[in-house]
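Reviewing the structure listed below.
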């Protein structure tokens with residue numbers, strides 16, 4: 001079992017979607033009959049449908065959805081068809097049972113069919129609907145399932161010759177179907193930096209046009225080829241807001257499966273404070289004091305949801321002594 005908990009070597013707790021206490025069972029992936037050899041009574045499935053995850057309906061709660069749902073395989077076997085993508089996610093020991101987790105992608109099913117299958121279990125919703133109060137392991141496993149199923153959705157044809165691709169390695173590899181090409185591809189994630197830029201008692205937050213009215217968050221952007229993470233932080237800060245930074249310090253990371261990013265969080269100190277907004281990239285950028293952020297709702301503004309690393313960066317800065 002090759003895994004670890006970030007809290008073993010850091011005082012920081014993992015960000016939501018990052019609680020990966022999972023044995024990914026890499027030794028099983030090369031076996032062509034891996035699915036048939038699973039101990040089915042210990043298998044739980046992570047159902048995915050059009051990049052959504054299955055939530056259990058609440059019965060007596062004010063919240064519409066109270067839990068991410070991983071049904072037992074034997075409750076679902078009659079609904080699984082040959083064309084459903086199966087991905088071996090991994091396992092974990094729980095009490096005396098070794099639970100095995102299997103992603104089943106039902107995206108080839110119509111809305112009507114998926115409703116008939118899931119009506120007794122729950123409802124598919126965006127993982128963005130997850131609350132940070134929900135089980136962190138389930139949230140992380142759901143993010144893993146969505147990210148890798150999205151990767152499959154985007155790579156049904158070979159990037160080299162355009163032929164159809166074939167799934168192998170228990171869902172963790174894609175092969176070109178043409179022998180003369182033989183192109184092989186593995187899951188990819190897009191690295192993006194996200195940074196809290198501060199100057200004394202103020203922090204720099206911005207907003208994009210497509211965001212809900214009043215929402216402000218930290219600046220962020222994708223890392224370009226041939227670029228270090230630190231350079232990406234400095235470039236994005238200058239491109240979006242005209243702010244120069246130094247003392248760039250790594251904070252933490254977060255898988256972000258919308259659709260397949262790895263967010264790399266940083267703190268950075270501003271060496272200039274005059275804002276020059278790049279309207280082609282961002283709608284508004286402002287400096288906010290800690291006092292203003294603590295009373296953000298009084299200004300008809302709000303911060304990102306607590307499941308995001310952006311909110312983690314802001315909260316940790318606010319709580320600095």
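Computed from the coordinates by the stated procedures, all read-outs in this text should not be read as laboratory data. Keep in mind it's a predicted model, so treat the numbers as computed, not measured. Reconstructed Cβ throughout: ideal geometry from the backbone, glycine too, with neighbour counts over all protein chains shown.
Does anyone have the angle between helix 309-318 and the longest principal axis of the chain? Alpha-carbon axes, 0 to 90°, nearest 10?
Computed tilt is about 40 degrees.
Based only on other Cβ atoms within 10 Å, what is the fewest-to-most ordering of 75, 20?
Working: 75 12, 20 20.
Fewest to most other Cβ atoms nearby, the residues stand as 75, 20.
Mind running the shape call on segment 67-209? Use the C-alpha gyration tensor, a ≥ b ≥ c as the square roots of the eigenvalues: rounded below 1.5 for a/c, prolate if a/b tops b/c, oblate otherwise. Intermediate results must be reported in sequence, preceding the final value.
Numbers: a/c = 1.83, a/b = 1.18, b/c = 1.55.
Oblate shape, in that a/c is at least 1.5 and b/c is the bigger or equal ratio.
If each DSSP helix of 4+ residues adds -39,500 (n - 2.57) and the sum is divided by the residues in the chain, what number results at 222 nm, nearest 500 deg cm²/dmol? Walk me through the intermediate numbers first.
Working: 5 runs with 54 residues, N = 321.
Calculated mean residue ellipticity at 222 nm is -5000 deg cm²/dmol.
Assign one of three labels to segment 264-321, namely rounded, prolate or oblate, based on the Cα gyration tensor with a ≥ b ≥ c the square roots of its eigenvalues; rounded applies when a/c is under 1.5, prolate when it is not and a/b is larger than b/c, and oblate otherwise.
Details: a/c = 1.39, a/b = 1.23, b/c = 1.13.
Rounded is the answer for segment 264-321, as its axis ratio a/c remains below 1.5.
What list do you get for 215, 118 if you sort them by fewest beta carbons within 10 Å?
Details: 215 15, 118 20.
Listing 215, 118 from fewest to most nearby Cβ atoms yields 215, 118.
Tell me the relative contact order for segment 6-154 as a rounded percent, counting alpha carbon contacts under 8 Å between residues six or more apart.
33 percent.
In which sequence would 16, 28, 250 go, from the one with the fewest C-beta neighbours within 10 Å to the one with the most? Walk me through the numbers on the way to the answer.
Values: 16 23, 28 18, 250 13.
With the fewest neighbours first, 16, 28, 250 line up as 250, 28, 16.
Rounded to the nearest 0.05, what FRET efficiency is calculated for residue 82 and residue 137 with R0 set to 35 Å and r the Cβ-Cβ distance? Intermediate results must be reported in sequence, preceding the final value.
Numbers: r = 30 Å, r/R0 = 0.86.
It comes to 0.70.
Can you give the relative contact order of the chain as a percent, counting alpha carbon pairs under 8 Å and 6+ residues apart?
Values: 602 pairs, mean separation 54.8, N = 321.
Relative contact order of the chain: 17 percent.
Please state the shape class of segment 190-318: rounded when a/c is under 1.5, otherwise prolate if a/b exceeds b/c and oblate if not, all from the C-alpha gyration tensor.
Working: a/c = 1.39, a/b = 1.20, b/c = 1.16.
In terms of gyration-tensor shape, rounded.
Quick check: residue separation of residue 190 and residue 286 times 0.36 nm, minus the Cα distance between them. What number comes out in nm? Write out the running numbers ahead of the final one.
Working: separation 96, 0.36 × 96 = 34.56 nm, distance 2.74 nm.
Length gained between residue 190 and residue 286: 31.8 nm.
Which distance in nm do the two modelled labels at residue 213 and residue 35 give, with both placed 7 Å along the Cα-to-Cβ direction?
If labels sit at residue 213 and residue 35, their model points lie 4.9 nm apart.
What FRET efficiency would be calculated for the residue pair residue 183, residue 129, taking the C-beta separation as r and a Förster radius of 51 Å, to the nearest 0.05?
Details: r = 37 Å, r/R0 = 0.72.
Efficiency, rounded to the nearest 0.05: 0.90.
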